[in-house]
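Enquirer: One structure coming up, written as structure tokens, with questions to follow.
The values are calculated or read from the model by the stated rules, or taken from the named source; none is laboratory data. Just so we're clear, the structure is a prediction, and the values are computed from it rather than from any experiment. When we count neighbours, we look across all protein chains shown, and the Cβ atoms used for this are built from the backbone with ideal geometry, even at glycine. Areas reflect the complete protein model, heavy atoms only, side chains present, ligands, DNA and RNA absent. Shrake-Rupley method; radii C 1.70, N 1.55, O 1.52, S 1.80 Å.
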Amino acid sequence: MDLAVQINDLVKVYDGKVRALDGVNLTVETGKSFALLGPNGAGKTTLMRILTTQIKPTSGEAHVFGLNVVHEGSKVRELISYIPQEMSVWTDISGYENLLVYAKIFDIPHHEREKLIHEALENMGLIGVKDDLVRTYSGGMIRRLEIACAMLIKPRIMFLDEPTIGLDPAARKAVWERLNVFKKDYEVTIFFNTHYMDEADLYADEIAIISQGKIVARGTSEGLKHSLGGELITFTVEKIPINAENLGEIRKLHFVKDISIEDTSISILVHNAEDSLPYIMDVLRNERMPVSKVSISKPTLDDVFLKYAGMRFEEKGRISDVVHTRRMIRRG
Amino acid sequence: MLKALKNMLVMIELEMRRLWHDRTEIYSRAIQPILWMTIYGPVMGSARAIPTGGVPYTDFITPGVMIQTTTFVSILYGLTMVWERDSGILKKLLVTPAPRYSVVVGRSMASGVRAIFQALIILPIAFAIGVRFVPNPTYFLLALIVIFFASGGFAATSILIASFMKTRERFMGIGQAITMPLFFASNALYPLQMMPSILREFSAYNPLSYVVDAVRGLLITGNLSSLLIDLVAIAIFNITMFTLASVSLRRIIE
Ligand SMILES: Nc1ncnc2c1ncn2[C@@H]1O[C@H](COP(=O)(O)OP(=O)(O)OP(=O)(O)O)[C@@H](O)[C@H]1O
Ligand SMILES: [Mg+2]
């Protein structure tokens with residue numbers, strides 16, 4: 001298997017005291033969309049800056065497409081695109097000029113330049129504003145311009161540090177739709193940092209959760225959630241008291257992991273709630289237990305985070321959101 | 001190497017584009033040297049206290065006050081690297097295939113573009129108020145080239161200084177704090193012979209003095225006897241600063 005990213009025992013200590021990365025091991029397969037999910041200060045940016053050859057690790061190794069990020073930095077830089085967490089375009093020139101400057105920096109041949117820039121602008125829905133100063137763009141447009149810059153060179157892997165930070169849900173959706181088309185068309189690997197759980201959930205093929213410089217869990221979104229034990233279906237029945245014997249038939253179903261009864265409700269733990277529900281309903285009907293209400297409760301990534309990192313990060317996420325949004329606004 | 005050179009040209013092009021979109025700054029920065037030339041120059045000149053070697057005092061200080069402004073512009077420009085670190089521009093530039101030193105040298109030389117346009121605003125005004133220039137286009141061109149390269153060196157100097165700064169606060173203040181001592185301890189307003197000996201010693205290490213001397217020779221007096229020394233001094237200054245700034249870039253990134 002061709003690995004896009006391979007990280008071994010990576011440690012980064014800032015100024016001899018802040019242990020931002022504390023022994024990270026990670027692999028990312030080619031062609032996948034990979035999310036590094038973690039709260040404020042978890043070390044996401046630090047990891048990405050090492051992978052993009054900006055800073056050196058204190059110890060450990062990292063490879064991008066088999067190239068060592070410390071010793072073969074210039075070769076790595078030929079293959080990657082990177083969008084930092086902060087705004088990274090010039091606001092006092094137009095969107096088109098930004099792309100032109102980057103096209104020249106990337107040494108894109110003269111005859112291809114116009115076509116590629118046009119394509120990137122088109123892909124990102126910026127054709128109409130290409131000659132406006134970036135200063136007049138909205139946050140979402142700036143992010144799309146940055147992605148257009150990143151697309152110019154048709155990289156093998158894109159590193160995106162919080163690509164939709166500070167964007168409203170509609171703008172986020174638009175950005176990701178375009179990223180996904182690009183990913184499919186050019187088979188680019190996408191490595192992105194995020195602290196939005198739903199973003200990781202929706203747009204990542206694989207997720208690694210980072211907390212305090214350590215990878216505490218990794219897998220697909222489904223896999224991570226299922227690793228918590230399964231999904232819970234709760235039935236409220238009209239027949240009281242519930243007779244445990246009546247439930248014998250349900251217990252026999254192979255996918256049922258556990259059952260608990262409380263007053264008028266029966267909770268059943270299964271692997272997949274949607275698939276299991278019809279079978280259980282059938283049994284309940286046969287047993288003449290009329291159901292008045294059904295509810296399904298699935299584990300969220302937040303639950304996953306709680307389990308593996310021992311803390312929730314919803315609240316923290318919101319605070320950092322505000323900070324980041326400010327940072328985006330304070331542009332120019 | 002070729003790539004690095006191309007990169008520097010792109011940085012220069014970028015700067016032209018930025019200037020094209022917003023020219024107010026070079027206009028407003030022209031005010032200060034014009035005040036020097038229209039008020040300070042005639043007043044001091046009428047006192048006839050300063051030996052200028054035969055040229056009118058206002059003419060004598062014109063290169064100096066102009067270079068003070070272009071130097072200030074390029075020093076501020078270098079300091080913006082700190083700001084570009086805060087925004088993601090510098091980070092993104094460092095992840096392009098361009099060699100790191102070309103980012104430093106390219107950004108520095110781009111400040112020379114600003115400096116030249118600054119000079120091109122100030123010089124016609126000086127001419128209009130009666131400053132007499134050596135009527136030789138080659139000299140004129142050479143003077144602009146000197147200003148261009150020297151600005152690169154000053155911008156690199158301020159990148160070096162910026163690498164010790166943690167935030168972008170006190171930006172302007174630092175720009176002034178670097179420029180003013182260089183300006184007053186140079187031959188911009190008075191000939192070196194008039195200075196106390198300690199200051200004269202210092203002035204021998206002051207790059208601004210060499211720039212002023214070269215440009216004054218080329219534009220005002222036509223006396224090029226020390227031009228070669230000036231150019232060598234500026235070259236040494238530039239190479240030293242480019243090297244130090246490239247090395248210090250690591251500190252800006254981390
Ligand atoms: N240049 C630096 N110098 C010193 N400490 C740093 C530096 N950059 C980051 N840190 C520290 O390292 C830790 C990890 O920071 P990092 O920026 O990698 O986190 P993050 O997961 O990207 O957080 P965020 O959601 O805020 O972007 C934090 O404690 C941070 O304060
Ligand atoms: Mg970060």
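Listed here are the residues, each with its yes/no results for (1) within 16 Å of ligand 1 (Cβ to nearest atom); (2) within 14 Å of chain B (Cβ to nearest Cβ).
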position	(1), (2)
A:LEU160	yes, yes
A:ARG172	no, no
A:VAL175	no, no
A:VAL181	no, no
A:TYR186	no, no
A:HIS195	yes, no
A:GLU199	yes, no
A:LEU224	no, no
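Enquirer: Hey, another quick one. Consider the stretch B:88-119. How many of its residues are free of Cβ contacts under 8 Å to residues at least 24 places away in the same chain and in a helix (DSSP H, G or I)?
Expert: 3
Enquirer: Quick one: count up the residues across the stretch B:147-162 that are open to solvent by 10 Å² or more (accessible area, probe 1.4 Å) and touching a Phe, Trp or Tyr at 6+ places or on another chain (Cβ under 9 Å).
Expert: Result for the stretch B:147-162: 1.
Enquirer: Go through B:ARG18, B:ARG85 for me and flag whichever is free of Cβ contacts under 8 Å to residues at least 12 places away in the same chain, assigned to a helix (DSSP H, G or I) and within 14 Å of chain A (Cβ to nearest Cβ). Lay out the reasoning, then the answer.
Expert: Values: B:ARG85 fails: free of Cβ contacts under 8 Å to residues at least 12 places away in the same chain.
On inspection, the qualifying residue turns out to be B:ARG18.
Enquirer: While we're looking at this one, here's another question. So which strands (runs of 3 or more DSSP E) stay within the stretch A:26-121 end to end and still have 2 or more residues that are more than 10 Å from every other protein chain (Cβ to nearest Cβ)? Can you show your working first?
Expert: Working: elements: A:33-37, A:59-64, A:80-83.
So the answer is A:33-37, A:59-64.
Enquirer: Under the condition of being under 21 Å from A:SER74 (Cβ atoms), open to solvent by less than 20 Å² (accessible area, probe 1.4 Å) and not β-branched (Val, Ile, Thr), which residue from the stretch B:98-111 is nearest to the other protein chains (Cβ to nearest Cβ)?
Expert: Once the filter is applied, the top-ranked residue is B:ALA98.
Enquirer: Something else now. If I filter the stretch A:78-92 down to residues being over 19 Å from the mean Cα position of the chain (by Cα) and crowded, with 21+ Cβ neighbours inside 10 Å, which single residue comes out as farthest from A:PHE192 (Cα to Cα)?
Expert: A:TRP90
Enquirer: What number of residues within the stretch A:23-71 are more than 16 Å from ligand 1 (Cβ to nearest atom), open to solvent by 60 Å² or more (accessible area, probe 1.4 Å) and free of Cβ contacts under 8 Å to residues at least 24 places away in the same chain?
Expert: Total satisfying the criteria: 1.
Enquirer: List pairs: first residue in the stretch A:172-199 and within 16 Å of ligand 2 (Cβ to nearest atom), second residue aromatic (Phe, Trp, Tyr) and open to solvent by less than 20 Å² (accessible area, probe 1.4 Å) anywhere in the structure, Cβ distance under 6 angstrom, at least six positions apart or on different chains.
Expert: Hits for this filter: A:PHE191/A:PHE34; A:PHE191/A:PHE159.
Enquirer: Related question: Quick one: would you say A:GLY16 is more than 10 Å from chain B (Cβ to nearest Cβ), in a loop (DSSP other than H, G, I, E, B) and free of Cβ contacts under 8 Å to residues at least 12 places away in the same chain?
Expert: Taking the combined requirement at face value, the residue satisfies it.
Enquirer: Taking interchain pairs and intrachain pairs at least six residues apart, which have beta carbon atoms under 6 angstrom, with the first residue in the stretch B:25-53 and closer than 22 Å to B:THR221 by Cα and the second modelled with pLDDT under 75?
Expert: If the second residue must be modelled with pLDDT under 75, no pairs are left.
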